[in-house]
Structures are given as structure tokens and as C-alpha cells.
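Down below is the structure, laid out as C-alpha cells.
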Amino acid sequence: MKHDNDPKHTSKRAASWFQTNKIKVMEWPAQFPDLNPIEKLWGDIKNAVSEAKPRNAEELWKVIRSSWTGIPVYRCQKLVNSMQHRCEAVLKNSGYTTKY
């Protein structure tokens, strides 16, 4: 299992569940967008919300759903395919952030 080690993902309850279910969790830096390509997709959704300027919760959810379902498969595939280069760039940069 890979998650970004954000505190809400590393609670005692979550850790216990992973251990009980024999799920090994990869070591991963918390909130490190270079190694979390989904952050690019969250950015796309945030931009869509900003542009739409929803006036209430219903409009907000409509924009979020529309943005999420509108993400093209090739966009996701491109992000997945970039992982090897992302990892290599982070290693080359001694673990620090990169152009990603």
C-alpha cells in the first residue's frame, strides 16, 4: 500500500488495520507532490473550482464531479508513466523537491 504519510493516514487505527490485514505500507514522504502525481489532478480540480466560482455547496459538488469525471485517461496515464522519471529526479536531487 502506498499513501503519502499524511497524519490522517497514519493514525493508530489505520496502522492497526494495515497490520491486521497484513498490508505492507511503503515508506513515503508526507505531502511530497513530486512523488504523488495525483496532486496534479487535485490541482486541476482546484483550478476548475476557482474558475467556476460556485455560489453554494451544490454548485461546488457539481464542479468537482464534472472536473473529476472529465479527467482524460491519457492525463492519468501520462502521470503514471512519469513516475520512474520522478523517482530518479528525486534520488538525483538527494531527496529534495524537483521540477515536478
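The values are calculated or read from the model by the stated rules, or taken from the named source; none is laboratory data. Predicted model, so just to flag it, every value in this text is computed and none were measured. Cβ atoms come from the backbone with ideal geometry, glycine included; neighbour counts cover every protein chain shown.
Assorted remarks:
- Some residue of region 2-14 being in contact with an Asp or Glu (Cβ under 8 Å, 6 or more places away or on another chain), touching a residue at least 24 places away in the same chain (Cβ under 8 Å) and among the charged types (D, E, K, R): no
- Taken over region 90-100, residues that are part of a helix (DSSP H, G or I) and of a type in the set (S, T, N, Q) amount to 0.
- Test: residue in region 22-40 that is touching a residue at least 24 places away in the same chain (Cβ under 8 Å), exposed (fewer than 13 other Cβ atoms within 10 Å of the Cβ) and in contact with an Asp or Glu (Cβ under 8 Å, 6 or more places away or on another chain): yes
- When the residues of region 48-100 are filtered to those that are modelled with pLDDT under 95 and β-branched (Val, Ile, Thr), the one that is nearest to Asn36 (Cα to Cα) is Val80.
- Residue count, region 80-89 (criterion: of a type in the set (Gly, Ala, Ser) and in a helix (DSSP H, G or I)): 1
- Taking the conditions (1) small (Gly, Ala, Ser); (2) assigned by TED's automatic domain parsing to the domain that holds Leu91; (3) under 19 Å from the mean Cα position of the chain (by Cα) in turn, Ala14 satisfies each one other than (2).
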